[in-house]
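**Q** A single structure is presented below for examination.
No lab work stands behind these numbers, since they all come straight from the coordinates. From a predicted model like this one, the values you see are computed outputs, not experimental measurements. Don't worry about glycine lacking a Cβ; one is built from the backbone with ideal geometry, like all the others, and counts go over all protein chains shown.
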Amino acid sequence: MRLTAINPMAVTKYWLVLLGLAFLVSCSDAPQSIQFSGNTMGTTYSVTLFTKDPRHTEREIRKKVDVVLAQVNAQMSTYDPESELSRFNQHRSRQPVVISRALERVVSRALEIGQQTDGQLDITVGPLVNLWGFGPMAKPEQVPSAEQLDQVSEYVGYKKLSIENHQLIKQHPQLYVDLSTIAKGYGVDRVAFLLDDLDINQYLIEIGGEIRTRGGKPDGQPWRVAVEKPVSTERTVQQIVSMNEGALATSGDYRNFYQENGRRYSHIINPLTGEPIQHNLVSASVYADDAMSADAYATALLVMGTEQAKVFVQQQNLAAFLVLKTDDGFQQWVSPAFEPLLEKRE
């Protein structure tokens, strides 16, 4: 047998080549991170995603997301006088109006949750919101009178709105629909559907604080999102939530309010009383499969107040996180279904 001497330098060179190839392979397998943000629906949005497909570029995905969000806004905005919803609101008649499947889907879900919550979620409450100075109109010069509230309440009530054969019908010609309690969540879901169609399965989408995630991060860790402490003077964290898949929405009364004669008036209007809420529940967060439902339930719980919200959450087995204002600060209440999402503090 002939033995051939091995050059140590050649061996070193060979292993360096192998290491270089391994490095290239590992880099090609690692997903790229894409992040972007923008404005939509009177607020901001942000998208973070991971993808291994080299055809996915920030420019192309952002363009597609902006098209989807512009379409949602054109269907459901009350600030755009030419939107599909605004045209329906301007239609002062009981005659049925044919609507898009998207608008039908959102209104149907809102009416379903409205019935489930006995009217605590009511997408026809807009005129009362406007009367109290929290809509497109400016703040009123004085608090509305009982007579004004009674007059407006005549055409407020989710039971005065119905859907038949893909048509939306008013039972009162002055009825006005406002989807601000559910449309942002639907916008999040629409972006999620888009990313799913693009075979992107690791993402976090946020619109105005409403969130939907899928797939966790490439390192196997879940997405970490913050529930904000309900104070208007600063932005700080009340609780960190860890989630791989699902949606989280929070509703609070601590940002949009005004003071009048020593009394605080929140933008959250109780449809049953016609007045801003007055209780110690200041923030409600709900985790659900879709952001549209989470968005609507969070608002309904905030309207209910602490004790009624707890009963409803337990009856419906919702995953909910409530923050109560106390004399000593804040107290939180967590439903059993929400507990697995809480990040444990050391």
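**Q** Find the Cα radius of gyration of segment 84-170, compare it with 2.2 N^0.38 Å by division, and give the number to two decimals.
**A** The reported ratio for this selection is 1.17.
**Q** A further question follows. What span do the alpha-carbon atoms of segment 45-96 cover on each of the three principal axes, reported in whole Å from largest to smallest?
**A** 52, 19, 13 Å, listed from the longest principal axis down.
**Q** Please tell me the relative contact order of segment 84-170 in percent, rounded to the nearest whole number, where contacts are Cα pairs under 8 Å and at least six residues apart.
**A** With pairs under 8 Å counted, the relative contact order is 40 percent.
**Q** Turning to a different aspect of this structure: Checking the cross-link filter: which aspartates and glutamates have an alpha carbon closer than 19 Å to that of Lys229, excluding same-chain neighbours under 8 positions apart?
**A** Result set, ordered by chain and number: Glu206, Glu210, Asp253, Asp295, Asp327, Asp328, Glu339, Glu343.
**Q** Going by C-beta contacts inside 10 Å, put Ser93, Ser46, Ser251 in order with the fewest on the left.
**A** Ser93, Ser46, Ser251
**Q** Strictly over 23 Å apart at the Cα level, which of Lys63/Lys184; Lys52/Lys217; Lys64/Lys184; Lys160/Lys325; Lys159/Lys325 would you flag in this model?
**A** The pairs that break the limit, which is 23 Å between Cα atoms, are Lys160/Lys325; Lys159/Lys325.
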